[in-house]
Amino acid sequence: MGLQDYWGIGPKTAALLTESLGETAAIRAVESADVGALVEAGVPAGRATRILRRATDDGDADVFATDDARDVYNRVLDAATAHALTDRARDRIRVLAPLDTHAAAERRLDEIDAAIETWRGLSDAEREAAVDAFAEHESRDAGDRAAVETALALIEAGLTTGTFAAFADLDADALRDAAAALRARDGDDGVREGYDDRLDALREQAAAVERLATDTVAVLDDVRSGDLRGPDAFREAVIEHVVDATGVEAAAVREHAATEASDAADFVSTTLRSLADARREAAAEREATVRADLDAAIDEAEADVEAAADAVPDAAFACSLARFAIAYDLTRPEYTEDAALAVVGARNLDLLTEGVAVQPVSYALGAHDTVGADGAGADGDASQYFAGLPSGDRVSVLTGANSGGKTTLLETLAEVATLASLGLPVPAEHALVGDFDRLVFHRRHASFNAGVLETTLRSVVPPLAAEGRTLMLVDEFEAITEPGSAADLLHGLVSLTAERDALGVYVTHLADDLDPLPGVARIDGIFAEGLADDLALEVDYQPRFGVVGRSTPEFIVERLVANADDADREAFGTLRDALAAADDADD
């Protein structure tokens with residue numbers, strides 16, 4: 001398989017990678033999801049990530065059909081990569097794409113569950129040893145050596161069970177010999193300085209002789225400064241000078257002393273050139289001998305080296321995702337083939353990463369009460385967890401208080417659906433996620449013109465009209481056009497979602513204008529409960545099902561009255577009185 005057989009790698013990119021890395025190394029980088037290697041070779045980071053997502057996963061990131069959906073996708077990956085133990089693990093997480101089957105997702109979750117159990121079972125000292133083992137020995141250009149040294153560090157720390165079980169069968173002594181040999185190797189044929197004293201001495205002598213050979217006049221001046229009596233004395237003086245300056249044995253210098261020279265300068269020059277060639281040749285022969293011994297040591301441990309090279313990145317990847325799951329108390333989702341998305345005790349991951357305290361919420365779309373043991377995990381009937389949630393409605397119209405968490409709920413549902421599609425645990429006590437082919441997430445955009453309306457419709461409608469099932473999460477559609485038209489268009493979107501066997505949540509303040517809703521749709525509401533002592537708005541973020549939520553202008557105005565100076569308080573008070581009079585009239 002050549003480079004151009006991978007998605008996104010054309011002739012120019014293939015040539016760039018081949019020139020920088022070599023074709024074999026470039027293919028290895030693609031197969032191992034080494035984003036850094038491609039970036040260092042000159043491929044833009046975004047393009048490298050897209051190429052590797054296609055090359056390394058069975059799924060397709062095109063599931064995320066809007067910019068806002070792709071933003072959620074990238075942010076959940078950011079949260080996960082923050083807990084990566086190595087750069088390679090970070091790369092592998094970064095290129096995760098939605099998996100094609102629930103079976104593939106279940107397999108990944110099995111690996112993560114096992115890693116969570118392993119990581120939680122470690123002592124603080126063992127966790128620190130594991131982190132250090134992965135961090136201290138990783139290097140993009142170290143190849144197998146990094147894996148061997150990491151494996152040795154894990155073995156020496158006693159980490160050989162659970163996710164680390166693959167290291168229990170490795171021969172530590174063979175790995176130590178191989179690690180020493182790998183550290184000593186330099187490139188395809190060389191040996192690093194410092195490994196073999198004789199090789200280092202030969203290299204130093206060759207360099208010293210070459211330095212002398214570049215300035216024979218200086219050599220002559222130094223030799224002639226002594227008391228010389230005849231050619232033999234001159235010859236011995238040159239030999240002694242070379243021995244002192246280079247460390248080469250006198251016998252070796254004599255062996256290469258010129259026997260026929262036209263003059264003193266020619267004698268020095270010819271002698272030094274011959275000696276330099278001999279020292280370089282001796283160094284090359286010694287290097288070849290040492291390198292052969294190193295290669296033999298590595299070959300002897302080949303099986304263990306290959307096993308370490310496979311086990312280390314897999315363990316780093318699994319433990320990185322386990323650390324992510326533990327950090328945010330993520331749980332394994334359940335899957336169903338039906339059109340359903342249900343969560344109990346869900347929390348917004350983006351807020352959790354910022355350290356914000358959040359109120360868990362429960363919500364459901366579709367029919368979750370039909371999920372039996374075949375659709376549940378080890379705990380049995382998944383439907384028991386969602387018994388208090390409405391079932392059967394595939395579309396909801398979410399209404400309620402300003403700053404009431406409606407957008408946050410949409411984001412939370414998008415995060416749960418995204419993480420579950422990647423085969424990762426989700427921020428909820430329990431979650432049931434059905435099949436969907438596309439995720440449309442559209443945040444509220446405060447622009448009011450025909451161009452924005454057209455762009456939005458082009459973004460959200462085609463995915464809904466395409467084959468397969470779409471999850472629609474749309475926030476305050478009315479913000480981009482006038483209220484009357486917005487209600488009509490929104491009603492059309494809700495109806496289209498119902499007709500297309502899709503799931504959808506539509507946040508709006510126009511619920512009263514959407515009657516009659518399709519039979520598979522309902523209205524839910526979020527309610528503000530008043531102002532706290534510090535005048536902060538108190539909101540119950542848990543939606544109430546089947547009721548229209550109310551916005552909170554009276555609370556906002558009340559806060560303005562309380563915070564206003566004397567000049568403005570009366571004016572804000574007039575607005576407060578107007579709202580009160582309107583409420584009395586409604587009663």
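The values are calculated or read from the model by the stated rules, or taken from the named source; none is laboratory data. The structure displayed is predicted, hence computed values, not measured ones. Reconstructed Cβ throughout: ideal geometry from the backbone, glycine too, with neighbour counts over all protein chains shown.
If V248 satisfies every condition in (1) in a helix (DSSP H, G or I); (2) touching a residue at least 24 places away in the same chain (Cβ under 8 Å) but one, which is the exception? It is condition (1) that V248 fails. How many residues are outside any loop (DSSP other than H, G, I, E, B), at pLDDT 75 or above and out of contact with any Ser or Thr (no Cβ under 8 Å at 6 or more places or on another chain) when one looks only at the range 534-557? The total comes to 7.
Whether any residue in the range 198-209 is closer than 17 Å to F267 by Cβ, touching a Ser or Thr at 6+ places or on another chain (Cβ under 9 Å) and either surrounded by 12 or more Cβ atoms within 10 Å (Cβ to Cβ) or at pLDDT 85 or above (or both) is what I want to check. The answer is yes; a qualifying residue exists.
When H83 is evaluated against the numbered criteria (1) buried (at least 21 other Cβ atoms within 10 Å of the Cβ); (2) touching a residue at least 60 places away in the same chain (Cβ under 8 Å), which criterion, by number, is the only one it fails? Status for H83: all satisfied but (1).
Annotation note: of A276, A325, A342, the sole residue that is more than 22 Å from A135 (Cβ to Cβ) and either part of a helix (DSSP H, G or I) or not assigned by TED's automatic domain parsing to the domain that holds L503 (or both) is A276. Of the strands (runs of 3 or more DSSP E) lying entirely inside the range 384-486, none contains at least 2 residues that are in the same structural domain as D501 (by TED's automatic domain parsing), free of Cβ contacts under 8 Å to residues at least 24 places away in the same chain and more than 20 Å from D71 (Cβ to Cβ).
When only residues in the range 251-267 that are of a type in the set (G, A, S) and assigned to a loop (DSSP other than H, G, I, E, B) count, which is nearest to A206 (Cα to Cα)?
Of everything passing the filter in the range 251-267, A257 is nearest to A206 (Cα to Cα).
Close contacts from the range 188-201, counting a first residue that is farther than 16 Å from A296 by Cβ and a second that is in a helix (DSSP H, G or I) and not charged (D, E, K, R), with Cβ to Cβ under 6 Å and a gap of 6+ residues or different chains, come to R192/A184; L199/V290.
Scanning the range 345-374 for residues that are out of contact with any Gly (no Cβ under 7 Å at 6 or more places or on another chain), in a loop (DSSP other than H, G, I, E, B) and of a type in the set (A, V, I, L, M, F, W, C) yields V356, A357, V358, V371.
For (1) surrounded by 17 or more Cβ atoms within 10 Å (Cβ to Cβ); (2) under 19 Å from V520 (Cβ atoms), each residue gets a yes or a no:
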{"site": "T470", "(1), (2)": "yes, yes"}
{"site": "E476", "(1), (2)": "yes, no"}
{"site": "G484", "(1), (2)": "no, no"}
{"site": "A487", "(1), (2)": "yes, no"}
{"site": "H491", "(1), (2)": "yes, yes"}
{"site": "A498", "(1), (2)": "yes, yes"}
{"site": "D501", "(1), (2)": "no, yes"}
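For the range 490-533, a tally of residues being in contact with a Pro (Cβ under 6 Å, 6 or more places away or on another chain) and part of a helix (DSSP H, G or I) returns 2. Can you tell me which residue among D141, D171, D189 is of a type outside the set (A, V, I, L, M, F, W, C), over 31 Å from the mean Cα position of the chain (by Cα), surrounded by fewer than 16 Cβ atoms within 10 Å (Cβ to Cβ) and modelled with pLDDT under 90? It is D189. Apart from one condition, V131 fits all of (1) buried (at least 16 other Cβ atoms within 10 Å of the Cβ); (2) touching a Leu at 6+ places or on another chain (Cβ under 7 Å); the exception is (1). Can you tell me which of (1) part of a helix (DSSP H, G or I); (2) at pLDDT 95 or above; (3) surrounded by fewer than 23 Cβ atoms within 10 Å (Cβ to Cβ) is the one S320 doesn't meet? Answer for S320: the failing condition is (3). Take A261 and tell me if it is farther than 30 Å from L199 by Cβ and either of a type in the set (F, W, Y) or touching a Phe, Trp or Tyr at 6+ places or on another chain (Cβ under 8 Å) (or both). Answer is yes for this residue.
Taken as a whole, the structure places A292 among residues that are free of Cβ contacts under 8 Å to residues at least 12 places away in the same chain and on the phi < 0 side of the Ramachandran plot. Looking only at the range 108-128, residues that are in contact (Cβ under 8 Å) with a residue 12 or more places away in the chain and surrounded by 13 or more Cβ atoms within 10 Å (Cβ to Cβ) come to 12 in all. Hey, L560 hits all of (1) under 41 Å from the mean Cα position of the chain (by Cα); (2) farther than 21 Å from H368 by Cβ; (3) of a type in the set (A, V, I, L, M) but one; which does it fall short on? Of everything listed in (1) under 41 Å from the mean Cα position of the chain (by Cα); (2) farther than 21 Å from H368 by Cβ; (3) of a type in the set (A, V, I, L, M), L560 misses just condition (1). The residue that is modelled with the lowest pLDDT, counting only those in the range 469-493 that are in contact with a Lys or Arg (Cβ under 7 Å, 6 or more places away or on another chain) and not hydrophobic (A, V, I, L, M, F, W, C), is E476.
Filter the range 383-397 down to residues that are at pLDDT below 90 and either buried (at least 23 other Cβ atoms within 10 Å of the Cβ) or among the charged types (D, E, K, R) (or both) and give me whichever is farthest from L473 (Cα to Cα). Going through the qualifying residues, I end up with Y385.
Within the range 306-329, residues that are under 22 Å from A146 (Cα atoms) reach partners that are in a loop (DSSP other than H, G, I, E, B) and among the hydroxyl-bearing types (S, T, Y) with beta carbons closer than 6 Å, at six or more positions or on different chains, in the pairs A316/T86. Here P98 meets each of (1) outside any loop (DSSP other than H, G, I, E, B); (2) under 17 Å from the mean Cα position of the chain (by Cα); (3) not acidic (D, E) with one exception, condition (1). Considering the range 569-587, the residues that are modelled with pLDDT of 80 or more and touching a helix residue (DSSP H, G or I) at 6+ places or on another chain (Cβ under 8 Å) include one that is nearest to L365 (Cα to Cα), namely L575.
Suppose we filter T118, T160 for residues that are at pLDDT 95 or above, of a type outside the set (A, V, I, L, M) and not in a helix (DSSP H, G or I); which single one remains?
Details: T118 fails: not in a helix (DSSP H, G or I).
None of the others qualify; the one that does is T160.
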